[in-house]
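What follows is a single structure, written as structure tokens, with notes after it.
The values are calculated or read from the model by the stated rules, or taken from the named source; none is laboratory data. Note that the coordinates shown come from a computational prediction; the quantities given were computed from them, not determined experimentally. Here the Cβ positions follow ideal geometry from the backbone for every residue, glycine too, while neighbour counts run over all protein chains shown.
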Amino acid sequence: MTRPLRHAKRDSFRMPHTLPEGLGPDFIVRTALRMGVSRRRLQSSDLRAPFHGVRTSGPTQTHLDRCRAYLPRMRPTQFFSHVSAAIIYRMPVPSHIEETADIHVSVRIPAHPPQARGVVGHRQSVGGPLRVRDGFRVPAPAEVWAQLATLLSVEELVVVGDFLVRRKRPFATVEQLAAVAKYRVPGSRALRRALARVRRGTDSPMETRVRLALVDAGLPEPTIGFVIRDAKGDFIGTPDLAYPAHKIAIEYEGAIHFSDARVYADDIVRRELMEEAGWFVIRVISRDLGVGRGALVARVRHALTSRAR
């Protein structure tokens with residue numbers, strides 16, 4: 001949690017002095033003192049202390065905000081890892097993980113990990129080259145996936161794994177995930193179990209969750225990326241999931257499918273074309289992966305049975 005700063009009563013009646021331009025929104029206290037900023041100014045209410053020895057005039061509400069505020073304190077041997085690196089890459093981690101207050105910072109042996117309030121330090125013996133993403137020093141995406149093994153369930157690891165090897169602009173390959181799954185690290189067994197269920201070519205985390213829900217219920221695994229064409233061979237569409245032998249298409253529809261008029265209209269036209277080509281379309285919404293999960297499975301099972309006849 002960010003520590004609020006005390007300020008003198010008389011400071012509340014006047015605007016704080018402007019800070020030197022060279023400091024930026026996030027800075028080290030000792031640097032500010034060397035530039036002539038008074039200790040009283042550093043205690044003003046327009047500044048926050050997210051970490052010991054650090055002040056920021058920027059926001060600190062989100063995990064990414066706190067990572068950014070830590071940058072002035074970060075040493076050359078340190079890098080963001082685990083949950084923090086996953087959020088920097090915008091991996092689809094669960095909300096309760098994304099909302100955690102503490103940031104994760106790692107070092108390679110023999111360096112020593114940071115010890116500070118609001119920071120979870122890690123010391124690692126294995127790992128590949130680091131890279132910079134949006135100004136943050138982080139490991140490769142596949143390595144971050146391996147670091148999440150002790151924090152996520154197997155299903156959640158599959159969702160992140162699918163995201164990394166997705167159809168458009170993938171972050172990693174299945175081979176790279178397989179390589180890190182061989183690391184002798186905590187959670188390696190969960191990684192190997194998740195790896196067996198990761199699939200290339202997905203378009204969204206919700207698509208992955210639908211697939212896992214159906215397979216976990218004992219239904220056949222649907223096909224990803226199947227292209228539907230009409231009798232003339234013209235392209236109709238690529239549903240999220242499909243059972244080609246039964247001509248069943250499964251489409252996940254998020255908020256944009258209802259809020260964007262153009263997307264909504266395109267969905268209607270595509271669904272009608274699929275049905276004209278003899279396909280049965282099952283539409284899935286977020287509720288179907290929560291309280292409606294059983295009903296979704298029943299719908300798909302009934303469709304498979306009916307179409308098999």
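Take the residues in the range 268-292 that are touching a helix residue (DSSP H, G or I) at 6+ places or on another chain (Cβ under 6 Å) and part of a helix (DSSP H, G or I), then tell me which one is surrounded by the fewest Cβ atoms within 10 Å (Cβ to Cβ). This residue is Leu289. Among residues that are more than 19 Å from the chain's Cα centre (by Cα), touching a residue at least 24 places away in the same chain (Cβ under 8 Å) and farther than 13 Å from Tyr89 by Cβ, His112 is not included.
Within the range 198-239, the set of residues being of a type in the set (Lys, Arg) and in contact with a Leu (Cβ under 7 Å, 6 or more places away or on another chain) comprises Arg209, Arg211. Restricting attention to the range 2-30, the residues that are in a helix (DSSP H, G or I) and at pLDDT 85 or above add up to 2.
The helices (runs of 4 or more DSSP H) found wholly in the range 74-187 and carrying at least 1 residues that are touching an Asp or Glu at 6+ places or on another chain (Cβ under 7 Å), of a type in the set (Val, Ile, Thr) and not assigned by TED's automatic domain parsing to the domain that holds Pro239 occupy 82-88, 174-181. Within the set Leu219, Leu214, Leu195, Leu191, the sole residue that is over 21 Å from the mean Cα position of the chain (by Cα), at pLDDT 95 or above and surrounded by 17 or more Cβ atoms within 10 Å (Cβ to Cβ) turns out to be Leu214. Entry remark, the range 171-187: residues being crowded, with 16+ Cβ neighbours inside 10 Å and farther than 16 Å from Gly128 by Cα number 2 in total.
Are any of the residues in the range 211-231 out of contact with any helix residue (DSSP H, G or I) (no Cβ under 9 Å at 6 or more places or on another chain), assigned to a loop (DSSP other than H, G, I, E, B) and more than 30 Å from Ala172 (Cα to Cα)? Yes, the conditions are met somewhere in the range 211-231.
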